[in-house]
Every structure is written in C-alpha cells, then in structure tokens.
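Below you'll find the structure, written out as structure tokens, and then a few comments.
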Amino acid sequence: MMQSDVLLSVIIPVYNSEDTLARAIDSVLTCQTQTEIIVVDDASPGNCAEVLSDYPQVRLIRHELNKGLAEARKTGAQAAKGQYLVNLDADDWIENHIYDTAVMHLQGSANKVFMFSVREQGDEQHQERDKSHFLPQCTGVTGQHLLENLAMQPVSFIWHIGVNKVMEADLVRQLYRVYADLPKVNMLEDFLFSCLLFTLTEKSAVFSTSSDIGYVYFRSSASMTLDDNAERASQNIDDVDRVYRYLLKVIKHSTDVLPALGLRFNAVFKHWVKLTKDPVTTSWSDPERANQHILRLANKRIECAVNQLGTANWVVFGDGVVAEQLYVSLTRLGVNDIQHCRDDQSLADRLTILPAKTPVMIGSIGSADAIYQRLSVRFPQHRFVTVLQLAC
C-alpha cells in the first residue's frame with residue numbers, strides 16, 4: 001500500500017494482551033476506509049509475532065525494552081503513514097463503523113479531531129460494569145471548551161480517554177514536538193495527553209464530538225484486579241503528582257481551569273491513598289508507607305504555604321507520626337512559636353487566645369476531611385490546611 005493511499009493509521013500497543021489482540025484487529029478490518037494497522041509490541045513476553053502471522057497486512061514494531069503505553073503510542077504515531085490516526089487498546093474493540101464515520105466527517109469539514117462515545121463491557125464476573133458514556137453532538141468546538149469540560153464535569157472519563165479520538169496525524173506529531181519533555185508515567189497518561197491536546201488547540205474550533213457509540217472498553221477480572229492492587233498505589237501516587245505538576249506548568253494561564261483540575265486530582269489522589277490504607281480492600285500490610293508518600297508530596301508544598309500564610313503562630317493538630325513530621329518540617333522552615341495540639345480540647349484552648357487567621361495544619365490523612373469540616377465550622381476565624389490539600 002502506498003503512503004498516499006492510507007487515510008487512517010490505527011495504533012495498537014501490546015503488552016501481555018496477545019489473547020485479545022486478534023479481536024481488536026478483526027474489528028478494525030471491518031472498516032471501509034483505507035487503513036493501516038500498526039501493532040507496537042512493547043517488549044511483551046507473549047506471542048505477539050505468532051498472533052500477527054495470521055495478519056500479514058499488519059505492521060509490527062517492537063520495542064527491545066518495555067517503555068509503557070504512552071511511549072508505545074508515540075512510537076506508532078511517528079511511524080504512521082495515514083492522514084489521520086487513532087489509538088486502540090489490544091483488549092478492546094470498535095463497532096458501528098465509527099472509524100469510517102470519523103474519517104468521512106473530518107475530510108468534509110475543517111475539524112481536526114473527531115471524538116465519539118464509548119461503552120464499557122464487563123466480563124461474566126463483572127457485568128455490572130456494562131454502561132455507556134455519551135458525548136454531546138457538537139462540531140467546531142475549541143480546545144479550551146473541552147479542557148473546561150474535562151476539568152469540571154462530575155465524570156471526565158469520556159473526555160479524557162485516549163482511544164475515542166480520531167485525530168489529524170500532523171496535529172499529534174506537533175503535540176509530541178511541543179511537549180517533548182512529557183513525564184513518563186504509567187497512570188493518567190490519557191488524561192495528560194488529552195489536556196495537552198486541548199491546550200495546544202485551545203483557540204481553534206477544530207473538534208467534533210459525537211453521541212454515536214463506537215468503542216467498547218472491556219473490563220475483565222484481570223483489569224479490575226489491577227485497579228485495586230495496592231502494590232501499584234505507591235507508583236500511582238507519584239504519577240498523580242508528576243502529571244499535576246506538569247499540567248500546572250503548561251496551562252498556568254488558565255485561571256478558570258486550574259482550580260477545577262486541582263479538585264479532580266485531589267479526588268484521584270485520595271482514591272490511591274485509600275487503596276494503600278484500607279486493609280479490607282487491599283493486601284498491603286504496611287500502611288505507613290502510604291503516609292510517607294503523602295508526607296513527601298506535602299513537604300514539597302509546605303514552603304509555599306508558609307510563604308503565603310506567614311511564619312508565626314502555626315498550629316499542628318494531630319497525635320500521630322504525620323503530625324510529628326509536619327511539626328519538624330515547619331521548624332526547618334523557620335516557623336516561630338509552633339504549637340502542637342494533640343486533641344480537640346487543647347486545640348480549642350489554644351485557638352481562643354490566638355489572633356484570627358492563625359494557620360492550623362491538620363496532621364491526619366484518613367479522617368482529614370471530616371476534621372477540616374468540623375474545625376472550620378467551629379473556628380471560622382482561622383485557616384485550616386490538610387495534608388491532602390498540600391499534597392494535591
């Protein structure tokens with residue numbers, strides 16, 4: 001097939017997903033559009049080449065070392081010959097000729113990205129996961145509008161996933177050039193990519209969204225187990241921090257979006273903290289490790305809080321190791337007259353004699369929100385800060 005013949009490049013990264021790869025490829029082969037399929041074998045220990053022996057029309061690119069999903073997609077994008085490209089996960093599939101619809105629309109309009117709706121499908125053990133996620137029917141939408149939707153919608157899944165977007169290939173390669181210093185993460189890579197795509201095109205009305213369902217996001221027992229695997233939570237907490245910091249740098253001018261993004265990242269962060277600390281849902285036997293991760297991230301932000309709130313009359317509230325280490329951190333930063341209150345009564349006694357707007361650091365993690373709400377109502381004249389707020 002000559003390069004000029006290819007309209008769409010479909011990029012399928014593979015790592016331990018050979019069992020479902022044929023299903024994904026077969027779904028693409030129903031397309032009428034002139035399409036190339038690029039499988040990126042991300043150093044998978046499985047039998048990827050053997051599976052592809054039945055598909056001579058599929059291009060195979062192999063990484064000698066495992067680089068992760070984001071890098072595999074980037075490899076595919078750089079090798080793509082099509083005018084448009086799209087990502088497909090090896091354990092999912094497409095339906096309703098969605099790629100044909102997308103390419104036809106893009107060719108007949110000034111839009112550069114066509115986004116479509118998605119349905120989740122669970123395996124026999126998780127049929128409760130069966131549900132659909134619908135986008136509105138719109139055309140000529142700006143990246144800024146979609147960035148706001150991604151940040152502010154109660155559920156952002158449908159906006160930020162990386163597999164429901166047929167994109168102009170040159171636009172994707174431009175993204176990789178502009179953001180060449182992308183952090184390497186194993187979590188939130190879709191969220192990061194979508195935020196950057198929307199930021200790159202924030203002033204351009206080049207997006208079209210469709211309520212048509214065209215992608216099946218398969219949720220197997222194996223993937224559900226990975227979602228609740230506390231052994232990964234440590235790395236995921238670090239990834240949340242890296243992605244959030246990178247986005248702060250890239251979209252710092254957008255004052256409307258950043259506060260909402262902060263709230264969304266706070267929710268993601270709390271999810272992984274819960275996995276590291278809840279013995280009912282996890283197998284991690286060392287919850288203190290989670291505290292150390294949270295404290296390490298919080299310590300990066302304490303200096304900013306001190307610069308904003310001053311270096312006098314801080315109060316640390318809590319009776320555990322988290323509060324103790326926060327006390328030490330504030331001391332190192334030169335904060336004067338730090339009071340460490342270990343219970344409600346000692347805190348109340350102290351706050352009644354301190355001036356208004358005294359900063360109070362809540363040295364708790366699992367019950368931080370409840371404590372924050374209780375103390376904010378009881379002592380509205382003071383400023384309360386939780387560890388999670390600092391960490392996120």
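The values are calculated or read from the model by the stated rules, or taken from the named source; none is laboratory data. The shown structure was predicted, so the numbers you read here are calculated from the model rather than taken from an experiment. Every residue, glycine among them, receives a Cβ derived from its backbone with ideal geometry; neighbour counts consider all protein chains shown. Surface areas here come from the heavy atoms of the whole protein model, side chains and all, with no ligands, DNA or RNA. Shrake-Rupley method; radii C 1.70, N 1.55, O 1.52, S 1.80 Å.
For A312, list long-range residues whose amide hydrogen, built 1.01 Å from N in the peptide plane, is under 5 Å from its own amide hydrogen.
Sorted by chain and number, the residues that satisfy this are N336.
Counting only other residues whose beta carbon sits under 15 Å from that of P45, what net charge do I get with K and R as +1, D and E as -1?
On the way: positive: R62, K67; negative: E18, D19, D41, D42, E50, E64.
My count for the surroundings of P45 gives -4.
Set the Förster distance to 45 Å, then compute FRET efficiency between V321 and K131 from the Cβ-Cβ distance, nearest 0.05.
Numbers: r = 41 Å, r/R0 = 0.91.
FRET efficiency, V321 to K131: 0.65.
Report, please, the projected area of segment 301-382 averaged over directions, based on the convex hull of its C-alpha atoms, in nm².
For segment 301-382, averaging the hull's shadow over all directions gives 4.9 nm².
Determine the equivalent ellipsoid of segment 63-116 by diagonalising the alpha-carbon gyration tensor, then write out the semi-axes as square roots of 5 times the eigenvalues, largest first, rounded to whole Å. Write out the running numbers ahead of the final one.
Values: eigenvalues 124, 42, 14 Å².
That gives 25, 14, 8 Å for the three semi-axes.
Just read off the accessible area of D41 with the full protein assembly in place, 1.4 Å probe, to the nearest 10 Å².
Near enough 10 Å² of accessible area.
What is the projected area of the convex hull of the Cα atoms of segment 1-143, averaged over all directions, in nm²? Can you show the working numbers first?
On the way: hull surface 39.8 nm².
Mean projected area of the Cα convex hull: 10.0 nm².
Pop out the ³J(HN,Hα) list for segment 198-205 in order, Karplus 6.51 cos²θ - 1.76 cosθ + 1.60 with θ = phi - 60°, rounded to Hz; leave Gly and Pro as x.
Coupling constants for segment 198-205: 5, 5, 4, 10, 4, 9, 9, 8 Hz.
Give the calculated FRET efficiency between R245 and R177 to the nearest 0.05, with a Förster radius of 25 Å applied to their Cβ-Cβ distance. Intermediate values should be presented prior to the final figure.
Numbers: r = 21 Å, r/R0 = 0.85.
FRET efficiency, R245 to R177: 0.75.
Compute the distance in nm between two label points, each set 7 Å from the Cα along the Cα-to-Cβ direction, one at Y55 and one at A312.
Inter-label distance under the simple model: 6.9 nm.
Residues of segment 6-66: accessible area per residue at 1.4 Å, in Å²?
On the way: 2820 Å² over 61 residues.
Ligands and nucleic acids excluded, the figure is 46 Å² per residue.
Listed here are the pairs K131/K184; K81/K165; K81/K112; which of them are more than 24 Å apart at the Cα? Display every interim value, and only then the final one.
On the way: K131/K184 31 Å; K81/K165 17 Å; K81/K112 16 Å.
As for pairs spanning more than 24 Å Cα to Cα, those are K131/K184.
How would Y327, Y84 line up by accessible area, probe 1.4 Å, largest first? Before the final figure, lay out the partial values.
Numbers: Y327 80, Y84 10 Å².
Accessible-area ranking of Y327, Y84, largest first: Y327, Y84.
Taking a cut-off of 21 Å, what percent of all Cα-Cα pairs in segment 10-81 are separated by more than that? Walk me through the numbers on the way to the answer.
Working: 450 of 2556 pairs.
Beyond 21 Å sits 18 percent of the P(r) for segment 10-81.
So what is log10(I(q)/I(0)) for segment 78-201 at q = 0.16, 0.18 1/Å, when the Debye sum runs over its Cα atoms only?
Here log10 of I(q) over I(0) equals -0.87, -1.11.
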